[in-house]
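For reference, the structure discussed in these notes is given below.
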Amino acid sequence: MASTHNAVTSLWQYLIPIVACLILALVWGRPLNLILITLVASALLATVVVAVHHAEVIALCVGEPFGTLVLALAVTVIEVALVIALMLSGGEAASTLPRDTVFATVMIICNGVIGLCLLLGALRYHALEFRVEGTTPALSVLATLATLTLVLPSLTSSSPGPTLSPSQLVFAGLVSLILYGVFLFVQTMRHRDYFLPLDADGADAHIPKPSNVTALASFGLLLVALVVVVGLAKLLAPVIEAAVSEAGVPHGVVGISVAMMVLLPETWAAVRAALRNRMQTSFNLALGSALATIGLSIPAVVVTAMILQIPLDLGLDNKGIVLLALTLLISSMTLSPGRATVLQGAVHLVLFAVFLFLSVVP
């Protein structure tokens with residue numbers, strides 16, 4: 001009976017991305033009624049769960065931190081493609097879309113995802129431990145990239161408004177790409193042991209390593225699942241936008257909602273790791289995703305904007321700068337000791353609630 005159950009479960013893990021892809025193809029371009037909205041939302045949630053499963057299969061095959069890196073990079077590449085596609089579609093929000101997306105991603109990850117992982121993990125295990133030598137360097141890179149791309153454009157004088165001059169844009173894109181490349185080199189080669197879970201030799205030792213064929217199939221299905229997640233999120237975006245317009249809240253809430261949907265696979269994977277007391281894996285997923293969002297999005301957006309002559313408003317307003325600075329300060333306090341409790345999780349979630357509230361009620 002157990003083997004039959006496992007076979008059925010395994011079959012669904014392979015079928016769900018394909019079925020969700022068919023739903024995406026059938027629904028694409030059609031107006032969504034209540035039934036179709038329910039179908040799309042259900043397919044989105046099911047695909048997120050399956051995407052995390054396939055990411056974990058790859059992680060077992062290639063080991064940490066490569067496993068978490070695969071999921072972070074895959075989601076980010078597709079997110080960048082979605083942002084560029086929305087920029088190409090034009091509209092008055094095209095110039096602020098990259099900034100809003102990057103800022104929302106940083107706030108969602110650093111406060112929402114990390115706070116949720118800390119809260120749930122600490123409720124189960126009381127005190128959580130992780131490697132300072134892995135989390136602190138990642139946060140230092142994130143603080144540098146976030147300040148360079150989201151704060152300095154509001155303070156420079158070479159171009160009017162929260163923008164950068166063409167030479168400054170090129171410089172920001174190059175620095176972002178180079179610094180993210182150095183971080184990947186440190187994480188995966190020079191100091192890989194800094195990013196391994198504290199129980200790297202114990203927790204997963206009893207789990208058999210999947211075959212190369214299984215890992216390759218999971219990699220392909222992971223890419224399909226992530227594309228479907230982004231596509232379904234884009235289908236739901238107009239529904240969310242209509243609801244936002246009816247509610248009379250700022251248009252930026254739409255970007256936050258779409259970012260939250262796109263980040264669902266990484267959020268679910270990070271929470272699962274926290275519930276297994278593997279906080280280093282959770283932080284690798286969370287911080288790695290935030291770093292990839294800036295390190296890959298900004299260079300791609302800069303190239304697109306310069307080729308198509310699209311203006312870019314990258315700088316945050318005063319409220320955004322304060323929230324970003326507070327988030328980075330609290331994150332450094334959380335990650336520096338190497339231990340955390342439920343209190344740190346509550347602080348981050350309160351900051352996330354403040355971000356959401358001020359986005360709705362500016």
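The values are calculated or read from the model by the stated rules, or taken from the named source; none is laboratory data. In this text, all values refer to a predicted model and were calculated from it rather than measured experimentally. All Cβ positions, glycine included, derive from the backbone under ideal geometry; neighbour counts span all protein chains shown.
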Exercise. Tally time: how many residues in the range 308-356 are in contact with a Gly (Cβ under 6 Å, 6 or more places away or on another chain) and among the aromatic types (Phe, Trp, Tyr)?
Worked result: 1
Exercise. When the range 318-362 is examined, which residues are found to be outside any helix (DSSP H, G or I) and surrounded by fewer than 18 Cβ atoms within 10 Å (Cβ to Cβ)?
Worked result: Ser336, Pro337, Gly338, Arg339, Thr341, Val361, Pro362
Exercise. Taking the stated definitions as given, is Leu296 at pLDDT below 95, part of a loop (DSSP other than H, G, I, E, B) and buried (at least 17 other Cβ atoms within 10 Å of the Cβ)?
Worked result: no
Problem set entry | Yes/no for Ala41 being within 27 Å of Ser359 (Cβ to Cβ), assigned to a helix (DSSP H, G or I), small (Gly, Ala, Ser) and at pLDDT below 85 | yes
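Quick check on this structure: which one of Leu314, Leu275 is within 16 Å of Ala104 (Cβ to Cβ) and modelled with pLDDT of 85 or more? So that I can check it myself, show each step before the final result.
Working: Leu275 fails: within 16 Å of Ala104 (Cβ to Cβ).
Leu314 is the lone residue from the list that is within 16 Å of Ala104 (Cβ to Cβ) and modelled with pLDDT of 85 or more.
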Problem set entry | Neighbours by Cβ (under 6 Å, 6+ apart or cross-chain): first from the range 44-64, more than 15 Å from Val230 (Cβ to Cβ); second among the charged types (D, E, K, R) and surrounded by fewer than 23 Cβ atoms within 10 Å (Cβ to Cβ) | Leu60/Lys209
Exercise. Of these, Leu226, Leu198, which one is within 17 Å of the chain's Cα centre (by Cα), closer than 25 Å to Ser289 by Cα and either at pLDDT 75 or above or not in a helix (DSSP H, G or I) (or both)?
Worked result: Leu226
Exercise. When you scan the range 47-156 for helices (runs of 4 or more DSSP H) that lie fully inside it, which ones turn up with 1 or more residues that are farther than 22 Å from Thr304 by Cα and at pLDDT 90 or above?
Worked result: 97-107, 114-125, 132-146
Exercise. Could you list, in sequence order, the residues of the range 1-33 that are β-branched (Val, Ile, Thr) and modelled with pLDDT under 75?
Worked result: Thr4, Val8, Thr9
For this session: Take Ala305 and decide whether it is more than 20 Å from the chain's Cα centre (by Cα) and crowded, with 20+ Cβ neighbours inside 10 Å.
Result: yes
Exercise. So which residues in the range 157-169 are part of a helix (DSSP H, G or I) and without any contact (Cβ under 8 Å) to a residue 12 or more places away in the chain, if there are any at all?
Worked result: Ser167
Exercise. Any residue in the range 171-180 that is more than 18 Å from Thr76 (Cα to Cα), at pLDDT 80 or above, assigned to a helix (DSSP H, G or I) and over 23 Å from the mean Cα position of the chain (by Cα)?
Worked result: yes
Exercise. Looking at Thr304, is it in contact with a Ser or Thr (Cβ under 9 Å, 6 or more places away or on another chain), among the polar types (S, T, N, Q), part of a helix (DSSP H, G or I) and under 16 Å from Val102 (Cβ atoms)?
Worked result: no
Problem set entry | Residue identified as under 23 Å from Leu179 (Cβ atoms) and assigned to a helix (DSSP H, G or I) among Gly288, Gly315 | Gly288
